[in-house]
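Colleague: I am attaching a structure below and will ask some questions about it afterwards.
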Amino acid sequence: SGAHGSYGLSLINGTTKLGFFQMTIANVVADNAVVEAIYSIDGSSDWMWQDPDTAWMPDYFIAPSLSTAKAPIPVQNLSADVVVYTYINRSDSLPGSEEITLDGSATITVRYL
């Protein structure tokens, strides 16, 4: 039930979208050093800076990078905050008296380049 760049939260009555969520990555630390996040559409070329205020697109590759070059760096220990922004549809399009279950999900896969 998501749209371009987002993940769906649920469908109400099988047709009405409850809302969506987007993710981004921030505060990236690689081997105890603060680094930048970069992204690529195919994971091998055209790496670009990942703005922490911009959604992490499904199927994009995210990697740590030094601030001096847009290229993935090797790391042993990596930590980062995955920030989730949730958006709910307008209340006049949702049923007002029934409980709605959120069932959205996303999978993050670690891939070694």
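The values are calculated or read from the model by the stated rules, or taken from the named source; none is laboratory data. Just so we're clear, the structure is a prediction, and the values are computed from it rather than from any experiment. Using ideal geometry, Cβ is built from the backbone for each residue, glycine included, and neighbour counts are taken over all protein chains shown. The protein model used for the area step is the full one, side chains on, heavy atoms only, and it has no ligands, DNA or RNA in it. Shrake-Rupley method; radii C 1.70, N 1.55, O 1.52, S 1.80 Å.
Colleague: Highest mean first, how do 82-89, 15-22, 54-61 rank when packing is the count of other Cβ atoms within 10 Å averaged over residues?
Modeller: Ranking, from highest mean packing down: 15-22, 54-61, 82-89.
Colleague: Still on this structure, I have one more. So how much slack lies between Val83 and Asp46, counting 0.36 nm per residue of separation and subtracting their Cα-Cα distance, in nm?
Modeller: Taking Val83 through Asp46 to full extension adds about 10.9 nm, to one decimal.
Colleague: Using the crude model of +1 on Lys and Arg Cβ and -1 on Asp and Glu Cβ, and no other charge, please compute the dipole size for segment 1-68 relative to its Cα centre, in debye to 20.
Modeller: 360 debye
Colleague: Taking a probe of 1.4 Å, how large is the accessible area per residue of segment 51-113, in Å²?
Modeller: Ligands and nucleic acids excluded, the result is 81 Å² per residue.
Colleague: Report in % the part of the accessible area of the chain that belongs to carbon and sulfur, leaving out ligands and nucleic acids; probe 1.4 Å.
Modeller: 50 percent
Colleague: Starting from the Cα gyration tensor of segment 12-113, take the square roots of the eigenvalues, sort them a ≥ b ≥ c, and report rounded, prolate or oblate (rounded when a/c is under 1.5, otherwise prolate if a/b is larger than b/c, else oblate).
Modeller: prolate
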